[in-house]
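See below for the structure under consideration.
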Amino acid sequence: MSDFWIVVFQRPGDAAFAQREMMQQQIPVAMMPTPRDLSASCGLSLRFSPQHANTVCSALIALFPESGRCRFYQAVREQNRHQYHPVLPPEKS
């Protein structure tokens, strides 16, 4: 089971916009530096709990329909450190 999920952005403005949108929808997220293992980004990520994964993924796909503007990962504690596993977002209907 995952400890938490993160979404990684290509642009800092996208990260800030996504955080504001999630807060307006009362979805708890936290801005954090992107982990070094996932360094191919703007350096900012949003962290959220697994229980909010479907809601966050759906909302961000609607906000950023262009492929590659954000990427989702599950963080799982393995051998005393977090490992980040890419997650494909749900398909758009």
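Restricting attention to the range 79-93, the residues being modelled with pLDDT of 85 or more and either of a type outside the set (A, V, I, L, M, F, W, C) or open to solvent by 70 Å² or more (accessible area, probe 1.4 Å) (or both) number 8.
Which ones in the range 64-78 are exposed (fewer than 15 other Cβ atoms within 10 Å of the Cβ) and of a type in the set (D, E, K, R)?
E66, R77, E78
Conditions: (1) open to solvent by less than 40 Å² (accessible area, probe 1.4 Å); (2) touching a residue at least 60 places away in the same chain (Cβ under 8 Å). I27 meets all but one. Number of the miss? Here I27 clears every test but (2). P86 fulfils the conditions (1) farther than 19 Å from M22 by Cα; (2) over 11 Å from the mean Cα position of the chain (by Cα) except for a single criterion, (2).
Listed residues S49, S45; which is under 14 Å from Q74 (Cα atoms), open to solvent by less than 20 Å² (accessible area, probe 1.4 Å) and not acidic (D, E)?
S45
Scanning the range 28-42 for residues that are in contact with a strand residue (DSSP E or B) (Cβ under 7 Å, 6 or more places away or on another chain) and of a type in the set (A, V, I, L, M), which turns out nearest to N54 (Cα to Cα)? Per the criteria, the residue is V29.
The values are calculated or read from the model by the stated rules, or taken from the named source; none is laboratory data. Every value quoted in this text rests on a predicted model; they were computed, and no experiment measured them. Glycine also receives a Cβ, built like all others from the backbone with ideal geometry; neighbour counts cover every protein chain displayed. Accessible surface is based on the protein model in full, side chains and every heavy atom, while ligands, DNA and RNA are left aside. Shrake-Rupley method; radii C 1.70, N 1.55, O 1.52, S 1.80 Å.
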